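Data first, discussion second: the structure below is written as structure tokens.
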Amino acid sequence: MRSDLRLDGVGRRYGLRGPWVLRGVHLAVTPGTLTRVEGANGTGKSTLLRLLAGIDAPTEGRVIGRPRTAYVPERFPAALPFTAHGYLTHLGAVHGLSRTAAARAAEEWLERFGAAGYARTPMARLSKGSSQKVAVAQALLAEPELLVLDEAWTGLDAAARAELERAVAERTAGGGAVVFVDHDPRRLAGAPYTMYTVRDGALERRTSAASVPDDGPLVVIEAHGPQGAQPPAGALGALFSAEEHAPGRHRLTVPASHSDVVLHALLTARPPWHVAGVHPLDKDSHR
């Protein structure tokens with residue numbers, strides 16, 4: 001993501017005389033960030049996400065910047081005239097991938113979400129959970145600069161939910177931005193994000209959840225790297241904390257859902273870092 005996406009005094013209503021769903025909204029989404037949106041049902045969370053994704057246009061105000069965006073809606077239209085693999089290949093081509101690259105990406109994402117077994121199944125015959133895996137895969141296969149997720153974890157099994165958390169970590173670690181709504185307060189717990197609440201048509205910023213380590217499981221990665229060096233860029237966005245406790249000996253604390261991303265960044269760095277150990281954080285001793 002090369003630059004910010006900004007909402008400047010944005011309002012949205014449906015119909016010329018309809019009530020305002022949102023009004024006077026100011027929001028900046030910057031590269032490499034994770035943004036959580038909360039609020040009661042019917043407050044306008046989905047409307048906000050549709051504005052960010054470019055699905056809806058504002059009634060007033062301006063949207064400034066338009067990164068390459070992918071969107072997972074709250075309700076995915078599953079009854080489409082494609083197989084799962086065919087749909088993803090088609091969407092990949094729409095996003096600008098070659099047919100071959102789109103087909104390869106479709107296979108990879110179906111495999112990651114445990115859906116390879118029904119790659120050739122017509123979309124109309126998929127269960128709700130299987131259809132949701134395809135919905136998430138279509139948003140990820142072209143590596144969007146901005147990923148917008150509206151209750152995207154709903155309907156996924158435990159393994160797929162964990163895989164989506166890993167994918168979010170990969171997007172932000174790679175410099176992309178992610179904005180999400182989810183009903184589970186533990187979702188992406190421990191990851192550094194900015195939180196907003198939609199209330200009475202307005203957007204209110206809240207304290208980042210990153211300051212509360214008890215929100216989710218953390219792991220510690222013991223790594224050997226250059227003395228005085230920062231962790232590789234691909235790991236920075238996923239870290240909860242980092243310290244060099246001895247020359248060239250680094251202790252990296254990271255949300256469990258993001259550990260794969262950090263390990264990959266360490267091992268593929270040039271020169272590579274050596275991973276000496278990985279273990280769950282002892283929160284009692286951490287306090």
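Read-outs throughout are calculated quantities, based only on the coordinates presented, and are distinct from any laboratory measurement. Here the structure is a predicted model, which means the values were calculated and not measured. Quick reminder, even Gly has a Cβ in these numbers, built from the backbone with ideal geometry, and neighbours come from all protein chains shown.
Quick notes on this one:
- Prolate/oblate/rounded label for the stretch 80-185 (Cα gyration tensor, a/c 1.5): oblate
- Between the helical axis of 128-140 and the longest alpha-carbon principal axis of the chain there is an angle of about 70 degrees.
- Angle between the chain longest axis and helix 158-173 axis [Cα atoms, degrees, rounded to 10]: 80 degrees
- Counting other Cβ atoms within 10 Å as a rough exposure proxy, the listed residues R251, R2 run R2, R251 from fewest neighbours to most.
- When you count the other C-beta atoms within 10 angstrom of each residue and take the mean per peptide, 84-90, 50-56 line up highest first as 84-90, 50-56.
- Separation of the T30 and A276 label points, Cα + 7 Å toward Cβ, nm: 3.3 nm
- The helix-based estimate of mean residue ellipticity at 222 nm for the chain, built from -39,500 (n - 2.57) per DSSP H run of four or more residues and divided by its residue count, is -8000 deg cm²/dmol to the nearest 500.
- Cα centroid separation - the stretch 26-41 against the stretch 85-122, whole Å: 28 Å
- Dipole axis of the stretch 217-286 (+1 Lys, Arg; -1 Asp, Glu on Cβ), positive-most option in G228, H245, A256: G228
- Mean Cβ count within 10 Å, highest first, over the residues of peptides 257-264, 41-48: 257-264, 41-48
- The chain shape via C-alpha gyration tensor axes, a/c threshold 1.5: oblate
- Shape of the stretch 217-286, Cα gyration tensor, a/c cut at 1.5: oblate
- GNM on the chain, alpha-carbon springs under 10 angstrom: the most fluctuating residue among A28, A152, A135 is A28.
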